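Asker: So that we are looking at the same thing, I have put the structure below in C-alpha cells.
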Amino acid sequence: MRTAPLLAVLSFLLTLSLPSFGAQTSYIPEMQYLRLSADESLTLDQALADNRWQPLAERTPNFGYIQDPIWLRFDVTDPERINLLEISYPQLDSIDFYLLRNGELAQEVHTGDRYPFSERPVQHPHFLFPFTLDPASSYEIVMRVATEGAMQIPLRLWNNRSYFESASVESQLHAGYYGILITVICFNLFVFVALRESVYLLYVLSTLGYLLLVGSLNGMTYQVLWPGLPEIQNRAMLLTVPFAMIFTLLFSRSFLRLKEASPNLNHLVMFLIAINVATGIATFFVDYSTGSRLTVALAIPGCLLLTIVGPVLWWRGNPQAVFYTLAWGALTLGSAVTAANKYGLIPNNFVTAYGMQIGSALEAILLSLALAARIYHERQDKVLAQQAELTALEARRAAEL
C-alpha cells in the first residue's frame, strides 16, 4: 500500500518530461494572429489581405474566455520532415485549416468538437492535420478558430512518426490514470455492496464524476462514448463539473461526519451543494460560454472549502482528517492550476493543462487509503468494545461470587 503514492509521484515526474519527446522533429512555429469581433466574418482571401495581423508574443496562444474568432498564420519550415499539425486542446468548437503552397490554396479541412468525431482527418482525441510538402515549394498554414469555451490553441508541427511515438507514451500515462480511477471505483463499489455504508457509494460517484470530467477535457469520452453526438459532448462538459462537486461535497460531509463534528461547516457544505445543483440546472438555460465560466468559477469555492475543512478537523484531533487534508490539498492545487490555465492566467503546458488529472489521481489513492484505514479503525473499535463488554461481564460475575 505504501508504494502507491510513490508510483503516483513517479508518474507525475514522468509527465514533466513529455514535451521533450520528438524535440528534433517537432517545433512550435512563430505565429501571427488576427482577432475579429464576434459578429465579423472574413473569407480566407479577406483575412490574408487584412492589415491588422500582429505577431504573437507567447509560444502557445491562450486568450482565455472570449467570443471573438481568432485567425492564425505561420510558415512551415523543414518541409522534408514536417507533415503533421497537432492542436492538443479538444474543446475547440470550430477549426478551419488552410494549407497554402506558394500562396495558393492546396488543402482545406474543417473540424472541431461541434462536428461528428468520424469527420476528423485522423481519429484521435486531439485535432490532427496531416499534409504532404514539396521541398521545392514554400508553405504557409492559416487557421480560423472559434469556440464558446476557453480560447487556447496549443499547436505544434510534427513529423508524423515522431508524433505517434510520443503520443503512445502519453496514451500509456492516460491509461494508467484511468486505470487508477476505475480500480478505485470498482473496489469501493464492492465495499459498498458488502457493507451497505453510503459513504462508499458517495465516494464511487465522486470519483466517477472526476473520471467523466477528465475524460471530457481530454476528448476521450467523445471518442469512446458518443462519437456521433457532438451536442452531448458539449453538454457533458457543463454537467460533469457540478456532478463531481455535488458528490464530492456529500462524500466529504459523510466521511468527516461534519453534522456532528462541525455544524457550521456542515451548513456551509450543504449551501455549496445547493449552489452546484442550481448551477447544473442553469446550464440547460444559458449559452455554453456562460455555463462553462459559471461551472468553473463556482467549483473553486467548493474545492477551497474542502481544503480548509481537512486541516480544521485535523487540528481538532480527527485522525481521518490527515489523509483527507493531503488528498484534497493535491486535488485543490491541481484544480486551481487547471482553472487558472482556462482563464489564461498562466501559460499552457502539460502540467497546467492536466493539473486536475494529476491531482485527482493522487486524491483517489490517498482517499482510498483513508477509507481502508476507516474500515480498520472501525473493526478495532468493535473489538475493543467487545473486549470491554467481556471484561465488565467477568467483573460482574466475580462480584456476584
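Asker: Can you check what the net charge comes to around Ile28, using other residues whose Cβ is under 9 Å from the Cβ of Ile28 (Lys, Arg +1; Asp, Glu -1)? Can you show the working numbers first?
Answerer: On the way: positive: Arg59, Arg156; negative: Glu30.
Here the count lands on +1.
Asker: Which net charge results for the neighbourhood of Glu40, defined as the other residues with beta-carbon distances under 11 angstrom from its beta-carbon, given Lys and Arg at +1 and Asp and Glu at -1?
Answerer: Details: positive: Arg35, Arg52; negative: Asp39, Asp50, Asp68.
Counting the neighbours of Glu40, the net charge comes to -1.
Asker: So what's segment 169-387 giving for Cα Rg divided by 2.2 N^0.38 Å, two decimals? Write out the running numbers ahead of the final one.
Answerer: Working: Rg = 17.7 Å, N = 219, 2.2 N^0.38 = 17.1 Å.
Against the empirical 2.2 N^0.38 Å value, I get 1.04 for segment 169-387.
Asker: Hey, another quick one. For segment 113-171 and segment 194-263, write down the distance between their C-alpha centroids in whole Å.
Answerer: 30 Å
Asker: Need the full-extension length gain, Tyr376 to Ala274, defined as separation in residues times 0.36 nm minus the C-alpha distance. One decimal, nm.
Answerer: Stretched out fully, the Tyr376 to Ala274 stretch lengthens by 33.4 nm.
Asker: Note down the Stokes-Einstein diffusion coefficient of segment 292-401 in µm²/s, whole number, using a Kirkwood radius over alpha carbon pairs, 25 °C, and 0.890 mPa s.
Answerer: Estimated via Stokes-Einstein, D reaches 146 µm²/s.
Asker: For Leu304 and Thr43, what does the FRET efficiency come to when R0 = 56 Å and r is the distance between their Cβ atoms, rounded to the nearest 0.05?
Answerer: Calculated value: 0.75.
Asker: Using a 10 Å cut-off around each Cβ, can you sort Ser252, Ser162, Ser37 from fewest to most neighbouring Cβ atoms?
Answerer: Least to most surrounded, the residues fall as Ser37, Ser162, Ser252.
Asker: If you don't mind, another one. Under 5 Å between amide H atoms, partner at least 5 residues away or on a different chain: which partners does Gln32 have, H built in plane at 1.01 Å?
Answerer: Leu56, Arg73
Asker: Find out how many positive minus negative residues lie around Ser94, taking Lys and Arg as positive, Asp and Glu as negative, among other residues whose Cβ is under 11 Å from that of Ser94.
Answerer: Numbers: positive: Arg114, Arg144; negative: Asp93, Asp96, Asp113, Glu148.
Summing Lys/Arg as +1 and Asp/Glu as -1 gives -2.
Asker: Given labels modelled 7 Å from the Cα in the Cβ direction, how far is it in nm from Ala297 to Glu119?
Answerer: Output for this residue pair reads 3.2 nm.
Asker: Tell me what the chain gives for mean residue ellipticity at 222 nm when only DSSP H runs of n ≥ 4 count, each as -39,500 (n - 2.57), the sum divided by the residue total, rounded to 500 deg cm²/dmol.
Answerer: Numbers: 12 runs with 231 residues, N = 401.
Result for the chain, helices only: -19500 deg cm²/dmol.
Asker: Express the Stokes-Einstein translational diffusion coefficient of segment 277-344 in µm² s⁻¹, to the nearest whole number, given a Kirkwood radius over alpha-carbon pairs, 37 °C and a viscosity of 0.692 mPa s. Walk me through the numbers before you get to the answer.
Answerer: On the way: Rh = 13.4 Å.
After rounding, the answer is 246 µm²/s.
Asker: While we're looking at this one, here's another question. Are there any helices in the chain, counted as whole DSSP H runs, that stretch 27 Å or more along their axis by Cα and score at least 1.0 on average by Kyte-Doolittle, and if so which?
Answerer: Values: long enough: 160-195 (51 Å, 0.86); 198-218 (30 Å, 1.51); 230-255 (37 Å, 0.82); 263-282 (28 Å, 1.35); 288-315 (41 Å, 1.24); 321-342 (30 Å, 0.91); 355-400 (67 Å, 0.12).
For the chain, where a helix must reach 27 Å along its axis and average at least 1.0, the hits are 198-218, 263-282, 288-315.
Asker: Computed from these coordinates, which is percent of Cα pairs over 33 Å apart: [x] 31; [y] 40; [z] 60?
Answerer: [y]
Asker: A further question on this structure: List Trp71, Trp328 from most exposed to least, where exposure is judged by having the fewest other Cβ atoms within 10 Å.
Answerer: Ordered from fewest to most neighbouring Cβ atoms within 10 Å, Trp71, Trp328 come out as Trp71, Trp328.
Asker: Starting from the Cα of His110, step 7 Å along the direction of its Cβ; do the same at Val383; then give the gap between the two resulting points in nm.
Answerer: The two pseudo-label positions are separated by 6.9 nm.
Asker: Could you give the length gained on full extension between Glu165 and Phe63, defined as 0.36 nm per residue of separation minus the Cα-Cα distance, in nm?
Answerer: Gain on extension, Glu165 to Phe63, equals 33.7 nm.
Asker: By count of other Cβ within 10 Å, fewest leading, how are Phe350, Phe127 ordered?
Answerer: Phe350, Phe127
Asker: Which residue, chosen from Pro90, Val145, Phe192, occupies the Cα position most advanced towards the positive end of the dipole of the chain, where the dipole is computed from +1 (Lys, Arg) and -1 (Asp, Glu) charges on Cβ about the Cα centre?
Answerer: Phe192
Asker: 7 Å from Cα along Cα→Cβ at both Thr290 and Val312: what's the point-to-point distance in nm?
Answerer: 3.3 nm
Asker: Working only with C-alpha atoms, what are the Rg and Dmax values of segment 27-158, expressed in angstrom?
Answerer: Using the Cα atoms of segment 27-158, the pair Rg, Dmax is 14.0, 41 Å.
Asker: Quick one: dipole size for the chain, taken about the Cα centre, charges +1 on Lys/Arg Cβ and -1 on Asp/Glu Cβ, in debye to the nearest 20.
Answerer: Details: 25 positive and 32 negative charges, 347 e Å.
Dipole of the chain, to the nearest 20 debye: 1660 debye.
Asker: Quick one: 3J(HN,Hα) in Hz for segment 73-78, Karplus 6.51/-1.76/1.60 with θ = phi - 60°, rounded, Gly and Pro as x.
Answerer: Values, residue by residue: 8, 6, 7, 9, 9, 6 Hz.
Values quoted throughout were computed directly from the atomic coordinates according to the rules given, and no laboratory measurement underlies them. This is a predicted model, so every value here is computed, not measured. Counting neighbours? That spans all protein chains shown, and the Cβs are built from the backbone with ideal geometry, glycine included.
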